[in-house]
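What follows is one structure encoded as C-alpha coordinates, with my remarks underneath.
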Amino acid sequence: MQQSPVPPETPIYRRIADGLREAILSGELRDGDRLPGENALMAQYGVARATARQALSVLINEGLAVPKRGSGVYVRQFRPIRRHGSRRLAQGHWGGGQAIWDADTRGRPYTVDEVQIGREPADDDVARVLGSAEVWVRRRRYSVDGRPVQLSVSHFPAELVEGTAITREDTGPGGAYARLGDLGHAPAHFTEELRARMPHPHETVLLDLPAGTPVISIMRTAYTANGAPVEVNEMILDAASYVLQYDFDA
(Lines give C-alpha, C1' and ligand atoms only; values in the text may rest on other atoms or scores of the structure.)
Protein backbone atom coordinates (compact mmCIF):
# COMPACT_ATOMS: atom_id res chain seq x y z
CA MET A 1 0.00 0.00 0.00
CA GLN A 2 1.45 3.33 -1.09
CA GLN A 3 1.95 5.78 1.75
CA SER A 4 1.11 9.45 1.42
CA PRO A 5 4.21 11.66 1.24
CA VAL A 6 5.16 13.30 4.51
CA PRO A 7 4.86 17.08 4.18
CA PRO A 8 8.17 18.85 4.69
CA GLU A 9 8.68 20.46 8.07
CA THR A 10 8.28 24.22 8.15
CA PRO A 11 11.74 25.84 8.32
CA ILE A 12 12.59 27.21 11.75
CA TYR A 13 12.92 30.78 10.45
CA ARG A 14 9.35 30.55 9.15
CA ARG A 15 8.09 29.29 12.50
CA ILE A 16 9.79 32.20 14.27
CA ALA A 17 8.29 34.66 11.77
CA ASP A 18 4.84 33.07 12.21
CA GLY A 19 5.03 33.59 15.96
CA LEU A 20 6.05 37.23 15.60
CA ARG A 21 3.34 37.83 13.00
CA GLU A 22 0.70 36.38 15.33
CA ALA A 23 1.88 38.70 18.09
CA ILE A 24 1.53 41.68 15.75
CA LEU A 25 -1.88 40.75 14.37
CA SER A 26 -3.26 39.92 17.82
CA GLY A 27 -2.24 43.32 19.13
CA GLU A 28 0.35 41.98 21.56
CA LEU A 29 2.91 43.95 19.55
CA ARG A 30 1.63 47.33 18.38
CA ASP A 31 2.61 49.80 15.70
CA GLY A 32 5.99 51.29 16.59
CA ASP A 33 6.99 48.52 19.02
CA ARG A 34 10.50 47.13 18.65
CA LEU A 35 10.67 43.46 17.65
CA PRO A 36 13.09 41.10 19.42
CA GLY A 37 16.52 41.58 17.85
CA GLU A 38 18.73 38.96 16.26
CA ASN A 39 20.57 38.28 19.53
CA ALA A 40 17.31 37.81 21.43
CA LEU A 41 15.92 35.42 18.80
CA MET A 42 19.19 33.46 18.74
CA ALA A 43 19.04 32.98 22.49
CA GLN A 44 15.31 32.20 22.62
CA TYR A 45 15.25 29.65 19.80
CA GLY A 46 18.83 28.40 19.80
CA VAL A 47 19.37 29.35 16.15
CA ALA A 48 22.18 30.92 14.17
CA ARG A 49 22.25 34.63 13.43
CA ALA A 50 21.44 34.01 9.75
CA THR A 51 18.25 32.18 10.77
CA ALA A 52 17.15 34.99 13.08
CA ARG A 53 17.84 37.50 10.32
CA GLN A 54 15.76 35.45 7.87
CA ALA A 55 12.81 35.45 10.28
CA LEU A 56 12.88 39.22 10.62
CA SER A 57 13.27 39.61 6.84
CA VAL A 58 10.01 37.72 6.30
CA LEU A 59 8.08 40.35 8.29
CA ILE A 60 9.95 43.22 6.63
CA ASN A 61 9.13 41.85 3.16
CA GLU A 62 5.46 41.46 4.16
CA GLY A 63 5.32 45.12 5.15
CA LEU A 64 4.63 44.31 8.82
CA ALA A 65 7.99 45.56 10.07
CA VAL A 66 10.58 48.14 9.11
CA PRO A 67 14.31 48.21 9.95
CA LYS A 68 15.82 51.36 11.41
CA ARG A 69 19.57 51.58 10.97
CA GLY A 70 21.44 51.17 14.22
CA SER A 71 18.23 50.77 16.21
CA GLY A 72 16.46 47.54 15.30
CA VAL A 73 13.31 46.30 13.56
CA TYR A 74 9.96 47.85 14.44
CA VAL A 75 6.32 46.96 13.87
CA ARG A 76 4.88 48.83 10.90
CA GLN A 77 1.24 47.92 11.18
CA PHE A 78 -1.07 50.01 9.02
CA ARG A 79 -4.72 49.48 8.14
CA PRO A 80 -4.74 49.42 4.33
CA ILE A 81 -6.61 52.08 2.40
CA ARG A 82 -9.40 50.55 0.32
CA ARG A 83 -9.27 52.34 -3.03
CA HIS A 84 -12.54 51.74 -4.88
CA GLY A 85 -11.69 52.39 -8.52
CA SER A 86 -15.06 53.68 -9.76
CA ARG A 87 -16.81 54.89 -6.62
CA ARG A 88 -14.10 57.41 -5.72
CA LEU A 89 -14.40 59.08 -9.15
CA ALA A 90 -18.20 59.31 -9.27
CA GLN A 91 -19.36 62.75 -10.38
CA GLY A 92 -21.86 62.89 -7.54
CA HIS A 93 -18.91 62.83 -5.14
CA TRP A 94 -16.59 65.56 -6.42
CA GLY A 95 -19.51 67.37 -8.07
CA GLY A 96 -21.00 67.77 -4.61
CA GLY A 97 -17.86 69.47 -3.32
CA GLN A 98 -16.23 66.46 -1.65
CA ALA A 99 -12.60 65.51 -2.12
CA ILE A 100 -11.83 62.21 -3.85
CA TRP A 101 -9.67 61.32 -0.88
CA ASP A 102 -12.68 61.45 1.43
CA ALA A 103 -13.96 58.35 -0.37
CA ASP A 104 -10.64 56.56 0.15
CA THR A 105 -9.94 57.41 3.78
CA ARG A 106 -13.51 57.32 5.15
CA GLY A 107 -12.82 59.64 8.03
CA ARG A 108 -9.18 58.80 8.65
CA PRO A 109 -6.97 61.88 8.86
CA TYR A 110 -4.97 62.66 5.73
CA THR A 111 -2.70 65.49 4.63
CA VAL A 112 -1.37 66.79 1.33
CA ASP A 113 2.16 68.14 1.26
CA GLU A 114 5.15 68.47 -1.05
CA VAL A 115 2.83 70.47 -3.32
CA GLN A 116 4.46 71.88 -6.45
CA ILE A 117 2.50 73.64 -9.21
CA GLY A 118 3.79 75.10 -12.44
CA ARG A 119 3.43 75.46 -16.20
CA GLU A 120 5.83 73.17 -18.05
CA PRO A 121 6.51 71.69 -21.49
CA ALA A 122 4.63 68.39 -21.77
CA ASP A 123 6.66 65.24 -22.26
CA ASP A 124 6.01 63.29 -25.44
CA ASP A 125 3.51 60.81 -23.97
CA VAL A 126 1.44 63.44 -22.15
CA ALA A 127 1.51 65.80 -25.15
CA ARG A 128 0.26 63.02 -27.39
CA VAL A 129 -2.67 62.20 -25.08
CA LEU A 130 -3.71 65.76 -24.23
CA GLY A 131 -2.87 67.31 -27.59
CA SER A 132 -1.07 70.14 -25.82
CA ALA A 133 2.60 71.10 -25.97
CA GLU A 134 2.41 72.82 -22.57
CA VAL A 135 0.67 71.69 -19.40
CA TRP A 136 -0.05 72.87 -15.90
CA VAL A 137 1.40 70.27 -13.53
CA ARG A 138 0.29 69.59 -9.95
CA ARG A 139 2.67 67.41 -7.89
CA ARG A 140 1.49 66.23 -4.46
CA ARG A 141 2.30 63.74 -1.71
CA TYR A 142 -0.53 62.26 0.35
CA SER A 143 -0.19 60.90 3.87
CA VAL A 144 -2.78 58.96 5.87
CA ASP A 145 -2.53 58.57 9.65
CA GLY A 146 0.81 60.36 9.39
CA ARG A 147 2.28 57.86 6.92
CA PRO A 148 3.16 58.81 3.29
CA VAL A 149 1.16 56.55 0.97
CA GLN A 150 0.93 58.14 -2.49
CA LEU A 151 2.65 60.50 -4.90
CA SER A 152 0.52 62.12 -7.60
CA VAL A 153 1.41 64.18 -10.67
CA SER A 154 -1.53 65.65 -12.62
CA HIS A 155 -1.17 67.26 -16.07
CA PHE A 156 -3.79 69.60 -17.58
CA PRO A 157 -3.77 71.31 -21.01
CA ALA A 158 -2.22 74.70 -20.28
CA GLU A 159 -4.61 76.84 -22.29
CA LEU A 160 -7.65 75.08 -20.85
CA VAL A 161 -6.88 75.79 -17.18
CA GLU A 162 -4.77 78.97 -17.41
CA GLY A 163 -5.84 81.47 -14.74
CA THR A 164 -8.17 79.04 -12.93
CA ALA A 165 -8.00 77.61 -9.41
CA ILE A 166 -6.39 74.48 -10.89
CA THR A 167 -3.18 76.51 -11.14
CA ARG A 168 -3.32 77.38 -7.42
CA GLU A 169 -2.60 75.21 -4.39
CA ASP A 170 -6.20 75.32 -3.14
CA THR A 171 -8.50 74.23 -5.95
CA GLY A 172 -11.64 74.69 -3.84
CA PRO A 173 -14.51 72.31 -2.99
CA GLY A 174 -14.54 69.18 -5.13
CA GLY A 175 -10.98 69.72 -6.32
CA ALA A 176 -9.70 69.99 -9.88
CA TYR A 177 -12.51 67.92 -11.39
CA ALA A 178 -15.13 70.27 -10.00
CA ARG A 179 -13.18 73.22 -11.47
CA LEU A 180 -13.07 71.50 -14.85
CA GLY A 181 -16.85 71.16 -14.50
CA ASP A 182 -17.09 74.90 -13.88
CA LEU A 183 -15.31 75.41 -17.20
CA GLY A 184 -17.78 73.17 -19.01
CA HIS A 185 -15.27 70.31 -19.31
CA ALA A 186 -16.38 67.98 -16.52
CA PRO A 187 -14.76 64.53 -16.64
CA ALA A 188 -17.30 61.89 -17.69
CA HIS A 189 -15.06 58.89 -18.41
CA PHE A 190 -11.78 57.63 -16.97
CA THR A 191 -9.24 55.01 -17.96
CA GLU A 192 -6.62 53.64 -15.57
CA GLU A 193 -3.60 51.49 -16.36
CA LEU A 194 -1.93 49.73 -13.43
CA ARG A 195 1.41 48.02 -13.04
CA ALA A 196 3.60 46.97 -10.14
CA ARG A 197 7.31 47.75 -10.01
CA MET A 198 10.12 48.55 -7.63
CA PRO A 199 10.36 52.23 -6.66
CA HIS A 200 12.82 54.75 -8.04
CA PRO A 201 15.24 56.18 -5.44
CA HIS A 202 13.37 59.48 -5.03
CA GLU A 203 10.07 57.59 -4.58
CA THR A 204 11.65 55.47 -1.84
CA VAL A 205 12.65 58.66 -0.01
CA LEU A 206 9.35 60.53 -0.44
CA LEU A 207 7.23 57.52 0.57
CA ASP A 208 9.65 56.39 3.31
CA LEU A 209 9.57 52.84 1.93
CA PRO A 210 11.34 49.96 3.66
CA ALA A 211 13.81 48.04 1.51
CA GLY A 212 12.10 45.61 -0.85
CA THR A 213 8.70 47.33 -0.83
CA PRO A 214 7.18 47.62 -4.33
CA VAL A 215 4.93 50.38 -5.58
CA ILE A 216 1.81 50.39 -7.75
CA SER A 217 1.93 52.81 -10.67
CA ILE A 218 -1.47 53.99 -11.92
CA MET A 219 -1.80 56.13 -15.04
CA ARG A 220 -5.24 57.73 -15.29
CA THR A 221 -6.69 59.77 -18.15
CA ALA A 222 -9.88 61.80 -17.70
CA TYR A 223 -12.16 62.51 -20.67
CA THR A 224 -15.17 64.77 -21.13
CA ALA A 225 -18.51 63.42 -22.38
CA ASN A 226 -17.47 64.20 -25.96
CA GLY A 227 -14.20 62.30 -25.57
CA ALA A 228 -11.80 65.21 -25.08
CA PRO A 229 -8.89 64.35 -22.71
CA VAL A 230 -8.54 66.92 -19.92
CA GLU A 231 -6.10 65.32 -17.46
CA VAL A 232 -3.32 62.76 -17.28
CA ASN A 233 -2.49 61.74 -13.72
CA GLU A 234 0.36 59.44 -12.71
CA MET A 235 0.00 58.05 -9.18
CA ILE A 236 2.62 56.07 -7.28
CA LEU A 237 1.17 54.04 -4.38
CA ASP A 238 2.97 52.28 -1.54
CA ALA A 239 1.81 48.74 -2.36
CA ALA A 240 1.79 47.75 1.31
CA SER A 241 -0.71 50.52 2.13
CA TYR A 242 -3.49 49.73 -0.34
CA VAL A 243 -6.23 47.33 -1.28
CA LEU A 244 -7.52 48.06 -4.80
CA GLN A 245 -11.21 47.26 -5.29
CA TYR A 246 -13.01 47.10 -8.65
CA ASP A 247 -16.63 45.99 -9.14
CA PHE A 248 -17.85 44.46 -12.41
CA ASP A 249 -21.14 43.24 -13.80
CA ALA A 250 -21.12 39.81 -15.41
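Once the Cβ-Cβ distance between Glu28 and Asp102 is put in as r, and R0 is 30 Å, what FRET efficiency do you end up with, to the nearest 0.05?
It comes to 0.35.
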field: Per-residue SASA entry for Thr10, accessible area with 1.4 Å probe, Å² rounded to 10
entry: 70
Debye intensity ratio I(q)/I(0), log10, the chain, q values 0.10 Å⁻¹ (C-alpha model): -0.61
Kirkwood Rh in Å, taken over all unlike Cα pairs in region 103-142: 12.2
message: Considering only protein heavy atoms and a probe of 1.4 Å, how much of the accessible area of the chain is carbon and sulfur, as a whole percent?
response: 50
field: Residue-averaged [θ]222 nm for the chain, counting only DSSP H segments that reach four residues, each worth -39500 (n - 2.57)
entry: -7500 deg cm²/dmol
- request: Kindly provide log₁₀ I(q)/I(0) values, in the same order as q = 0.16, 0.27, 0.28 Å⁻¹, from the Debye equation applied to equal alpha-carbon scatterers of region 44-109.
  value: -0.68, -1.13, -1.16
field: Value of Rg to Rh for region 196-249 (Rh from inverse mean 1/r over Cα pairs, i.e. Kirkwood)
entry: 1.11
task: Return one number: the angle in degrees, 0 to 90 and rounded to the nearest 10, between the long axis of the Cα atoms of helix 49-61 and the longest principal axis of the Cα atoms of the chain.
output: 30
- prompt: Taking region 168-250, which trypsin sites (Lys or Arg not before Pro) meet the DSSP loop condition and have no more than 14 other C-beta atoms within 10 Å?
  reply: Arg168
task: Scale the Cα Rg of region 86-235 by the rule-of-thumb value 2.2 N^0.38 Å and send over the ratio, two decimals.
output: 1.03
query: Averaged per residue, what accessible area in Å² does region 115-216 show with a 1.4 Å probe, protein chains only?
result: 50
Cα gyration tensor shape of region 115-180, rounded if a/c is under 1.5, else prolate or oblate by comparing a/b with b/c: oblate
Semi-axis lengths, Å, region 26-149, gyration tensor of Cα atoms, sqrt of 5 times eigenvalues: 42, 20, 13
message: For a quick check, take a GNM of the chain with Cα springs below 10 Å and name the residue from Gln91, Gln44, Gln116 with the largest mean-square fluctuation.
response: Gln44
message: Need one number: nm distance between label points at Asp18 and Asp249, each 7 Å from Cα along Cα→Cβ, rounded to one decimal.
response: 4.6
- prompt: Given +1 on the Cβ of Lys and Arg, -1 on the Cβ of Asp and Glu, and no further charges, what dipole in debye does the chain carry about its Cα centre, rounded to the nearest 20?
  reply: 840
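The values are calculated or read from the model by the stated rules, or taken from the named source; none is laboratory data. The model shown is predicted, which means the values in this text are computed figures rather than measured ones. So basically every Cβ, Gly included, is an ideal-geometry build from the backbone, and we count neighbours across all protein chains shown. Areas reflect the complete protein model, heavy atoms only, side chains present, ligands, DNA and RNA absent. Shrake-Rupley method; radii C 1.70, N 1.55, O 1.52, S 1.80 Å.
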